[in-house]
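J.: Structure below; questions to follow.
The values are calculated or read from the model by the stated rules, or taken from the named source; none is laboratory data. Keep in mind that this is a model prediction, so the values were computed, not measured. Here the Cβ is made from the backbone with ideal geometry for all residues, glycine too, and neighbour counts use every protein chain on show. Note: areas computed on protein heavy atoms with side chains; ligands, DNA, RNA excluded. Shrake-Rupley method; radii C 1.70, N 1.55, O 1.52, S 1.80 Å.
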Amino acid sequence: MEWQDEGFVLASRPHGEAASIVSLLTSKNGRFSGLVHGGQSRRQRAVLQVGNKVTAVWRARLDEHLGTYSIELESSTIARLLGEPGKLLALSSASELVEAVIPERDPCPNLYQSFSALLGSFNGEYWAATYVYWELHLLTDIGFGLDLSECAGTGVTEDLVFVSPKSGKAVSRQAGEPYKDKLLKLPAFLKGASGAQISGKDLADGLILTGYFLQKCVFQPRQKKLPDSRVRLAGKLSSNN
């Protein structure tokens, strides 16, 4: 068995004295792990940094085997994020979330494209908002998408400012006002509001919203918590309010 694909490094962990087991998010083959001989060498460690884009050849005698990778670097994400702690946290959080919630060997081309777009956003000003959007799309990709199109109670499509923690559906200001202490806030930028200014509080509210449903729908049933990097990212963006 053999295939060649492009992908992003999600994780690399030592195996034995010199090898590494590497997990990639690939364009055609989904999240896929393989053994890299010599993966702990100085040269390979530089290639196998989380977020780096690589070209990989996977080989195995049988399809169900772990298999081995031959990996070449295409571009280094880590190198351009040095000195950018917020972006590094976002990269770690996104990589750990994909590693935790996406089944292995399940093709997910939409997720690959959104992950690539997220990493590309680190070159611009609005990377934090793009990250929140990315988590919203991740929920959709794994079958827990939120319905932000209309009010769950009245069906109106205007002035949607809350989200029901039970249904994951939007709630209008008028319908939600009596219950606002029990509802999650829906920042305007997540509704695609034209010209919406994105404040630090909006980003924090967005991360609270997506984090709530990731924990409720994905991690809690597995008796786990959100990755530490995700928790620290939310704390960092909240402190910038």
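J.: Only one of (1) open to solvent by 10 Å² or more (accessible area, probe 1.4 Å); (2) assigned to a helix (DSSP H, G or I); (3) within 15 Å of Trp127 (Cα to Cα); (4) hydrophobic (A, V, I, L, M, F, W, C) fails for Leu207. Which number is that?
T.: It is condition (1) that Leu207 fails.
J.: Tell me which residues, restricted to segment 20-46, are aliphatic (A, V, I, L, M) and either open to solvent by 10 Å² or more (accessible area, probe 1.4 Å) or in a loop (DSSP other than H, G, I, E, B) (or both).
T.: Result: Ile21, Leu35, Ala46.
J.: Sticking with this one: Is there a residue in segment 191-198 that is open to solvent by 40 Å² or more (accessible area, probe 1.4 Å) and touching a helix residue (DSSP H, G or I) at 6+ places or on another chain (Cβ under 7 Å)? Let's see the steps before the verdict.
T.: Taking segment 191-198 and keeping what is open to solvent by 40 Å² or more (accessible area, probe 1.4 Å), we get 191-195, 197-198.
Within this subset, residues satisfying the condition of being touching a helix residue (DSSP H, G or I) at 6+ places or on another chain (Cβ under 7 Å) are 198.
For segment 191-198, residues open to solvent by 40 Å² or more (accessible area, probe 1.4 Å) and touching a helix residue (DSSP H, G or I) at 6+ places or on another chain (Cβ under 7 Å): present.
J.: I'm checking my understanding of the structure. Among residues of segment 1-21 that are within 20 Å of Gly38 (Cα to Cα) and of a type in the set (A, V, I, L, M), which one is nearest to the chain's Cα centre (by Cα)?
T.: For segment 1-21, the residue satisfying everything is Leu10.
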